[in-house]
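Participant: I have a structure I would like to understand better, so I am pasting it below and will then ask my questions one at a time.
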Ligand code: NAD
């Protein structure tokens with residue numbers, strides 16, 4: 001057996017993922033939430049990043065912390081705004097290696113028969129059509145760079161379904177279909193396409209869901225939270241950094257030959 005020195009067993013302070021330094025990576029909805037965590041991880045790995053978001057103030061704040069980042073105000077469901085985002089990337093960097101299609105909204109909550117058609121359309125427009133609009137602009141640029149990767153943000157709702165959140169769930173099932181079809185289409189161009197499916201992510205959004213459900217059912221916040229955790233093998237919620245690490249791995253050269261995959265980052269959640 002080979003002798004190992006103590007130094008060999010020391011964990012590196014920051015894990016360097018191969019091939020990320022110098023990569024140009026576009027991240028939608030990168031100014032806050034999971035998108036911002038993703039942007040921070042790529043920035044820390046030495047990638048050059050371009051983010052878009054609809055929140056101008058959050059974009060200003062991100063510009064401060066992510067030095068050298070291109071931050072553009074754009075709604076992913078608006079094809080002209082998406083065009084402007086990718087034109088700005090071309091102008092700033094002259095190249096694109098990867099796209100993280102992260103933007104998505106929770107969409108309306110309620111019985112399907114009570115949903116207004118415009119609420120259904122808005123959810124599909126942002127969660128699914130937005131990924132198409134960004135991919136169609138990113139792909140020619142990534143092809144011109146000789147290949148690269150796309151990661152599309154899906155959700156555990158795109159695997160298990162999500163009662164009273166049918167438009168969101170349907171959009172996220174669609175994201176998985178988009179991913180699998182694009183992976184077949186783009187493999188010969190040396191472009192890998194994968195989906196990431198976060199489960200129950202901790203943060204203000206989930207906190208509000210727990211609080212609302214607790215007060216609607218007359219149980220305590222802690223009891224409602226425990227109810228959620230019971231369905232998760234790891235007994236903890238996902239953090240935005242858990243998701244960001246998986247996205248970075250998939251885009252890096254460590255992602256190797258992975259394509260067409262749906263990676264659940266959910267602590268093995270059984271149901272939503
Ligand atoms: P969030 O609600 O925290 O929003 C993050 C950012 O998205 C904000 O800065 C917001 O301004 C921006 N944004 C909203 N609509 C936009 C649009 N049309 N165009 C551009 N930017 C827009 O979102 P999040 O919780 O960080 O979720 C990010 C992704 O992860 C989404 O696709 C979401 O569906 C998915 N996801 C989230 C969870 C969760 O529990 N948070 C779970 C599973 C999947």
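Participant: If I filter region 179-188 for residues that are modelled with pLDDT of 95 or more, closer than 21 Å to residue 126 by Cβ, over 18 Å from the mean Cα position of the chain (by Cα) and away from the ligand (no atom under 11 Å from the Cβ), do I get at least one hit?
Facilitator: yes
Participant: Okay, moving on. Looking at 21, 39, 62, 84, which is the one that is surrounded by 18 or more Cβ atoms within 10 Å (Cβ to Cβ) and over 13 Å from the mean Cα position of the chain (by Cα)?
Facilitator: None of the other options fit; the residue is 62.
Participant: How about region 136-223: which helices (runs of 4 or more DSSP H) wholly inside it have at least 3 residues that are out of contact with any helix residue (DSSP H, G or I) (no Cβ under 6 Å at 6 or more places or on another chain)?
Facilitator: Filter on region 136-223 gives 166-186, 204-217.
Participant: Something else about it: Does region 237-246 contain any residue that is within 16 Å of the ligand (Cβ to nearest atom), at negative phi, more than 16 Å from the chain's Cα centre (by Cα) and in a loop (DSSP other than H, G, I, E, B)?
Facilitator: Taking every residue of region 237-246 in turn, at least one turns out to be within 16 Å of the ligand (Cβ to nearest atom), at negative phi, more than 16 Å from the chain's Cα centre (by Cα) and in a loop (DSSP other than H, G, I, E, B).
Participant: Read through the list (1) more than 13 Å from the ligand (Cβ to nearest atom); (2) part of a helix (DSSP H, G or I); (3) within 15 Å of residue 264 (Cβ to Cβ), then give the number of the only condition that residue 234 fails.
Facilitator: In the conditions (1) more than 13 Å from the ligand (Cβ to nearest atom); (2) part of a helix (DSSP H, G or I); (3) within 15 Å of residue 264 (Cβ to Cβ), residue 234 misses (2) alone.
Participant: Just checking, how many residues over region 95-124 are within 16 Å of the ligand (Cβ to nearest atom) and modelled with pLDDT of 95 or more?
Facilitator: Selection size over region 95-124: 14.
Participant: Show the residue pairs that are 6+ apart or on different chains and have beta-carbon atoms under 7 Å apart, the first residue being within region 187-210 and free of Cβ contacts under 8 Å to residues at least 24 places away in the same chain, the second being surrounded by 15 or more Cβ atoms within 10 Å (Cβ to Cβ).
Facilitator: Pairs that qualify, where the first residue is free of Cβ contacts under 8 Å to residues at least 24 places away in the same chain and the partner is surrounded by 15 or more Cβ atoms within 10 Å (Cβ to Cβ), are 210/224; 210/225; 210/228.
Participant: Looking at 159, 143, 208, which one is surrounded by 13 or more Cβ atoms within 10 Å (Cβ to Cβ), within 14 Å of the ligand (Cβ to nearest atom) and either at pLDDT 95 or above or more than 28 Å from residue 89 (Cβ to Cβ) (or both)?
Facilitator: From the options 159, 143, 208, the qualifying one is 159.
Participant: For region 247-272, enumerate the residues that are closer than 21 Å to residue 157 by Cβ, in a loop (DSSP other than H, G, I, E, B) and in contact with a helix residue (DSSP H, G or I) (Cβ under 6 Å, 6 or more places away or on another chain).
Facilitator: Listed by number, the residues that qualify are 260, 271, 272.
The values are calculated or read from the model by the stated rules, or taken from the named source; none is laboratory data. Note that this is a predicted model, so its numbers are computed, not measured. Ideal geometry is used to build each Cβ from the backbone, glycine not excepted, and the neighbour counts take in all protein chains shown.
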